[in-house]
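Enquirer: Below is a structure I'd like to ask you about.
Derivation of every value follows stated rules applied to the coordinates shown; laboratory data play no part. Just so you know, these numbers come straight off a predicted model, no measurement behind them. Methodologically, a virtual Cβ is constructed for each residue, glycine included, from the backbone with ideal geometry; neighbour enumeration extends over all protein chains shown.
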Ligand SMILES: NC(=O)c1ccc[n+]([C@@H]2O[C@H](COP(=O)([O-])OP(=O)(O)OC[C@H]3O[C@@H](n4cnc5c(N)ncnc54)[C@H](O)[C@@H]3O)[C@@H](O)[C@H]2O)c1
């Protein structure tokens, strides 16, 4: 870049185009070179991909790593030092890292309950933020993140990388140009085997972890952990995670909403399902798994003239899809993770993150779309251009798509104790407003549970309430108790501000 360094360009352009309070960039740069200084927060699993992305892009240098697990953080710093030649500074408290003026961008792959606070704190400190999906743990947090991005003039990209996948971009364009006729209905699938995470119990917290910081906004359960494995399995405990509807789900809810051109929240939501089948899996009728999120959920979202249905299945899915889905996914066995769009003249299937297929009504393939993504590179492009429109997954998109998962889970959580027999489920669901064949989806779900030896008399499916939602005000209009689930009780000082207070 002529005349001025890339780094000062990023900072100066931010200054010129944004209205924000006392960002780090105003306090003077201390960067050792011309590069964009990256800080990665939460580096055990997905954080490794963030590190690879920044190491692989000549525009960035990793200057800081934050992890509350010292062993994980040190391991990553050593690996980065080997490749990069310089060792990033290691922090356990992200607030200290955000005071570092060498940090320009923050990318975060912490557990979900930390996403919003990390993103907001980073943006308040004048950093641009790349935040993993789901962008927030509850609906209000998403709204606060949008407000922070706008108030501080920061780029905020959400880690739904399908938004940058060539296959998905071209497939959505084809869909929106009428490639399969008129299309108002999409079905998202997360048929992904998830075994039990072990019995609910009292397990030791690893000594290398700062558990106070790890717990952050969530209730502090010291001195014991209720799950066996410390990392990753928090996904299935609602204090921290959002189940697979909110884990794998946001990739597919996002593609479904994007393809249908929906730019709002649903009007009504209903979920039925359960955390089922682990007694049979463990051959112990009294077995209690440590997870408390659904492993089987069907969520129906009505958007007026459009509709999304999302099916989550965590039990064995080797052989449990119906013939139509097998054909559409071109696979008869195993996991099925993707989206089917149903058009008046055909189908479009997002089969993987980098492969989509369009069919006519007779299931003849009419087009295929292939190609991967550089979602991190797209974020850097916007960091440099200072134009939010350049982001493929701006925080508002992430919020609307994460909210699909959160709203579905709210109906599930509220209906947990409403266990119903199969006949009652059929009659309750058959007339729910939807563009799906609701009964066919019930039958497919029941058949899947029976294949997994779930005794539905002893462990019946639960039926959530039909929740009415005001998409503008983001409140439920027919169930005031449901509104409590749109936020959480925060543990000071880890309090996510309301949108008006960011
Ligand atoms: N975009 C994708 O394809 C994709 C893929 C996998 C995971 N993810 C997302 O990435 C996130 C992380 O998932 P994971 O599987 O890596 O989880 P993980 O539990 O393996 O890793 C999380 C890391 O964050 C650290 N951490 C927790 N609280 C912290 C804090 N306050 N400050 C700093 N570090 C903290 C933990 O110690 C751990 O090292 C999740 O939100 C998940 O949804 C996205």
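Enquirer: What number, rounded to the nearest 500 deg cm²/dmol, is the helix-based mean residue ellipticity at 222 nm of the chain, given -39500 (n - 2.57) per DSSP H run of at least four residues and division by all its residues? All intermediate terms of the calculation are to be shown ahead of the outcome.
Expert: Numbers: 15 runs with 157 residues, N = 502.
Mean residue ellipticity at 222 nm (helix-derived): -9500 deg cm²/dmol.
Enquirer: Counting DSSP beta bridges with both partners in the chain, what percentage is antiparallel, nearest 5?
Expert: Of all bridge pairs located within the chain, approximately 65 percent are antiparallel.
Enquirer: Let me ask you something else. Roughly speaking, what is the centre-to-centre gap between region 355-391 and region 168-238 when only Cα atoms are used, to the nearest Å?
Expert: 24 Å
Enquirer: Helix 166-176 versus the longest principal axis of the chain: what is the Cα-based angle in degrees, 0 to 90, to the nearest 10?
Expert: 50 degrees
Enquirer: Before anything else, pin down the relative contact order of the chain: Cα pairs under 8 Å, at least 6 apart, normalised by residue count, whole percent.
Expert: 19 percent
Enquirer: Once both labels are modelled 7 Å past Cα along the beta-carbon direction, what's the residue 389-residue 470 spacing in nm?
Expert: 3.3 nm
Enquirer: Can you pull the one-decimal nm distance between simple spin-label points at residue 424 and residue 282, each 7 Å off the Cα toward Cβ?
Expert: 2.6 nm
Enquirer: Relative to the longest principal Cα axis of the chain, at what angle does helix 438-451 sit, 0 to 90 degrees, rounded to 10?
Expert: 90 degrees
Enquirer: Give me the percent relative contact order of region 358-502, please, defined on Cα pairs under 8 angstrom at least 6 residues apart. All intermediate terms of the calculation are to be shown ahead of the outcome.
Expert: On the way: 92 pairs, mean separation 27.0, N = 145.
Across region 358-502, relative contact order equals 19 percent.
Enquirer: Further question on the same structure: How do 43, 442 line up, fewest other C-beta atoms within 10 Å first?
Expert: Values: 43 27, 442 19.
With the fewest neighbours first, 43, 442 line up as 442, 43.
Enquirer: If you take the square roots of the eigenvalues of the alpha-carbon gyration tensor of the chain and sort them as a ≥ b ≥ c, do you get rounded (a/c under 1.5), prolate (a/b over b/c) or oblate?
Expert: Verdict is prolate for the chain.
Enquirer: On to the next question. Using alpha carbons only, how many angstrom separate the centre of region 42-68 from the centre of region 119-156?
Expert: Centre-to-centre (Cα) distance: 19 Å.
Enquirer: Taking Cα atoms, how many degrees apart are the long axis of helix 70-84 and the longest axis of the chain, rounded to 10 and kept between 0 and 90?
Expert: The answer is roughly 60 degrees.
Enquirer: Which FRET efficiency, nearest 0.05, do residue 366 and residue 95 yield, Cβ-Cβ r, R0 56 Å?
Expert: According to the calculation, E is roughly 0.60.
Enquirer: In terms of the Cα gyration tensor, with a ≥ b ≥ c the square roots of its eigenvalues, is region 256-338 rounded because a/c is under 1.5, prolate because a/b exceeds b/c, or oblate?
Expert: oblate
Enquirer: Restricting to Cα pairs below 8 Å that are 6+ residues apart, what does the relative contact order work out to for region 229-333? Please round to a whole percent.
Expert: Reported relative contact order: 24 percent.
Enquirer: Please label the shape of region 354-418 as rounded, prolate or oblate, based on the square roots a ≥ b ≥ c of the eigenvalues of the alpha-carbon gyration tensor (a/c under 1.5 means rounded; beyond that, a/b larger than b/c means prolate, else oblate). Display every interim value, and only then the final one.
Expert: Values: a/c = 3.43, a/b = 1.11, b/c = 3.09.
Because a/c hits 1.5 or more and a/b fails to exceed b/c, region 354-418 counts as oblate.
Enquirer: Tell me, 265, 50, 113 in order of fewest to most beta-carbon neighbours within 10 Å?
Expert: Listing 265, 50, 113 from fewest to most nearby Cβ atoms yields 265, 50, 113.
Enquirer: Here's something else I'd like to know. Based only on other Cβ atoms within 10 Å, what is the fewest-to-most ordering of 354, 58?
Expert: Ordered from fewest to most neighbouring Cβ atoms within 10 Å, 354, 58 come out as 58, 354.
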